[in-house]
Each structure stands twice: as structure tokens, then as C-alpha cells.
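Peer 1: First the structure, then my questions, so here it is.
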Amino acid sequence: MKMNLANIKKAKKLLLKMECIGIPTETVYGLAGNAYSDLACQKIYKLKKRPKNNPLIVHYFNIHRLKKDCHLNNDFIRLYKKFCPGPLTFILNLKKSSKISKIITNKRNTLAVRFPRHSVTRKLLKILEFPLAAPSANPSSRVSAVTSADVKEDFGKKIKYVLEGGRSSIGIESTIIDLREKPQILRLGGLNVSNIQNILKKKISININPVKISSPGQSKLHYSPGIPIRLNAKNIRMGEAYLLIRKKKINRSNYYFLSKKGSLKEAAKNLYTTLRKIKKKRYSSIAVCKIPDKGYGKTINDRLLRASRFNEKTT
Ligand code: TXA
Ligand code: MG
């Protein structure tokens, strides 16, 4: 991605005025604002129609800047050294002296933090004197955005600017790990748990469907294209689009494959774009083939299962 400094300066100027803007990251686009400003954070909640009890991820340039706001621990430092900047979000304890807006933390003493790898957003973070609160740039409960066009489609003139960064290279949200006590995965995502396991070399529990919700992305309807989804479908019904992992020999106009050769990583990258494409073609629903439950397949299955709850909501 070619770096356009004028664009980055424009983004900075708007953020200094407490405006919200779209920013590219390697996972998905974010809807960003000054994480130290109540006003900017309030705007994010309003634009996304996000429930106030759902906290935001805060994006930092590096560990030195994070130290001002959070308590760090050994597991964090090991994972930071190996995977950051990258698609991993950490839940840490907030320092009492932190300047993070109370709008984000909402009486919690924890913070979700991430160091995005995308070069344009890294450049922006580097020249700012505050971190960026940025949830995924989509209306609450809907499919995330992986291009600037997706963000503009979702928010139109409601946001003043989207910083161009091309298409997100991973295409699916970051993995979230709670490192306050024993490591716990709260959301599957762009970094596979086996990679984390190899570094921490201790038990990591997966807690993505808890009874008590600690990370609101963990439950209810989420990532929905706005039409019903039928999982593990062996064939299709009238009016349905068929979502496949791998290209079939016979190809019909309502067949959508996520990867030519069946790569689960490529499939994850193409998932949201394909769901948006299907929605626009006005199919009544989406039938999804069985997807292998390993590696990135686990993340894809997690997203599709939550998206399929649209059915429960409408019936
Ligand atoms: O890849 C990503 O993580 C993208 C890009 C833009 O960085 N961001 C993203 O943000 O996916 P969002 O807001 O759509 O999802 C963040 C998730 C939510 O499910 C939220 O509940 C959870 O992180 N979260 C935020 N703060 C938390 C906290 N203190 N404790 C537990 N979960 C938290
Ligand atoms: Mg989201």
C-alpha cells in the first residue's frame, strides 16, 4: 500500500477535532476516535449504535505508550514480542492514573488493547499523542468492513473521512486473549490459538461462549449480513445463495466460493466481502457448506454460527 502523507495528516487533523474517522487495519477497518476524549468516544457509540456496556478496543503504536495506561505482565510481554504489531488483542488491567475515557471502560478496570500492523495506521498512530479507540467499522451486530468502500457504504456522510488503506489483508477480526490471570481466549480471530500456545507453553482456556458475557462480541447476533443463514447445508433451496469453501467443478451463478483451492486462510479473508456481495444480490437466504473445524476454519465457523442467529431473531 502506497503511503499518502497528506491523507494521514488529514486524518490527524480530524482526530484532533474529536471527529471519528474510518481507519484501515490488517484485520478489518476500524471506526476511530481519540481514546482519551469522552466526546470522541461518545460519537463512536452513537455512530455504531453500540450498547454502552460494550467496551472498545484501544489501538496503540507500541508498548512504551501503553505503559501509561495499563499494567503489563510476563505473558503479555512474550506475546507482544512475538506477534505485535499484529492481529491480537489483549485484556489487561487498567492503571488508576490512566487517561482512557470512562465512556469506554464504563466502570470496568480492564482495557482491551491492540497494536495494528497496517502501515498506514501505524504511521498515523506514531504521529498522534493519544491512542485510538476503534471498534470494527460496521453498525452493531452486522458484517465488518474490509475496504474503505464498505465503511462508506455503512456510514455514508455520517463520518467525515475514511483513511484509505486498501483491502484488509487478514479480513477477520483480531483474536482476543484475557491475560489478567490464566490466559483465556475470548474471541477466535486472525491469529490461531495454536500459535499463542506455542509461545506461552501453558494451558489456554477457550471461553468464547460463556454463561456470563465478558466480551459482548461473544454472543447473540453478530457479524450478520441481514439475511438468514443455514449451516452445514449439503444442497440448496430455491432463492438461496450457496457459500462454499472451495470452487466446485460445476459453477452456478448462485454459488460463491471463498477460496479457489480451499485454503482456510484465504477463505477467512474473503468471508465478509462475500457475505456483503450475496446480500446485495437480494437472495432470500444463504446455505453454507460444512467447513472444517480447524485453524482458520474455527474462526469462520464461529462467525457464521453467530451470524446465523439472525434466523432466531426474525422467526
Ligand atoms: O480486529 C479487531 O479487533 C478490530 C480492529 C478494528 O482492530 N476491532 C474490533 O473491535 O473487532 P470490536 O469492537 O468490533 O470488537 C471488540 C470486542 C468486543 O466484542 C468487545 O466486547 C470486546 O472486544 N472487548 C473490548 N473491551 C473489552 C474488555 N475490557 N474486556 C472484555 N472484552 C472486551
Ligand atoms: Mg465488531
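The values are calculated or read from the model by the stated rules, or taken from the named source; none is laboratory data. Computed from a predicted structure; not experimentally measured. Neighbour counts run over all protein chains shown; Cβ positions are idealised from the backbone, glycine included.
Peer 1: So which residues in the stretch 209-232 are modelled with pLDDT of 90 or more and either surrounded by 18 or more Cβ atoms within 10 Å (Cβ to Cβ) or within 10 Å of ligand 1 (Cβ to nearest atom) (or both)?
Peer 2: 227, 228, 229
Peer 1: With 69, 38 as the choices, which residue is within 14 Å of ligand 1 (Cβ to nearest atom) and of a type in the set (Asp, Glu)?
Peer 2: 69
Peer 1: Can you pull out the residues in the stretch 81-139 that are among the acidic types (Asp, Glu) and within 13 Å of ligand 1 (Cβ to nearest atom)?
Peer 2: Passing the criteria: none in range.
Condition check ((1) within 27 Å of residue 51 (Cα to Cα); (2) in contact (Cβ under 8 Å) with a residue 60 or more places away in the chain) across all residues:
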| site | (1), (2) |
| --- | --- |
| 222 | yes, yes |
| 231 | no, yes |
| 235 | no, no |
| 247 | no, no |
| 269 | no, yes |
| 273 | yes, yes |
| 294 | no, no |
| 303 | yes, yes |
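Peer 1: I'm trying to understand the selection: among the residues of the stretch 54-66, which are more than 15 Å from ligand 1 (Cβ to nearest atom) and touching a Leu at 6+ places or on another chain (Cβ under 8 Å)?
Peer 2: 63
Peer 1: Could you tell me whether residue 164 is away from ligand 1 (no atom under 13 Å from the Cβ), outside the structural domain of residue 293 (by TED's automatic domain parsing), touching a residue at least 60 places away in the same chain (Cβ under 8 Å) and not hydrophobic (A, V, I, L, M, F, W, C)?
Peer 2: Here the answer is yes, as residue 164 does meet what is asked.
Peer 1: For the stretch 114-146, what are the residues that are within 16 Å of ligand 2 (Cβ to nearest atom) and among the β-branched types (Val, Ile, Thr)?
Peer 2: Answer for the stretch 114-146, where residues must be within 16 Å of ligand 2 (Cβ to nearest atom) and among the β-branched types (Val, Ile, Thr): 143, 146.
Peer 1: Continuing with the same structure: Considering (1) buried (at least 20 other Cβ atoms within 10 Å of the Cβ); (2) more than 10 Å from ligand 1 (Cβ to nearest atom); (3) among the basic types (Lys, Arg), say which one residue 182 fails and leave the rest.
Peer 2: For residue 182, the exception is condition (1).
Peer 1: Only one residue in 83, 155, 76, 90 is modelled with pLDDT of 95 or more, away from ligand 2 (no atom under 16 Å from the Cβ) and in contact with a helix residue (DSSP H, G or I) (Cβ under 7 Å, 6 or more places away or on another chain), so which one is that?
Peer 2: 90
Peer 1: Which numbered condition in (1) farther than 15 Å from residue 115 by Cβ; (2) free of Cβ contacts under 8 Å to residues at least 60 places away in the same chain is the only one that residue 67 fails?
Peer 2: Against the list (1) farther than 15 Å from residue 115 by Cβ; (2) free of Cβ contacts under 8 Å to residues at least 60 places away in the same chain, residue 67 comes up short only on (1).
Peer 1: May I pose another question? Looking only at the stretch 90-121, which residues are in contact with a His (Cβ under 9 Å, 6 or more places away or on another chain) and not in a loop (DSSP other than H, G, I, E, B)?
Peer 2: Residues satisfying the conditions are 92, 93, 94, 113, 114, 121.
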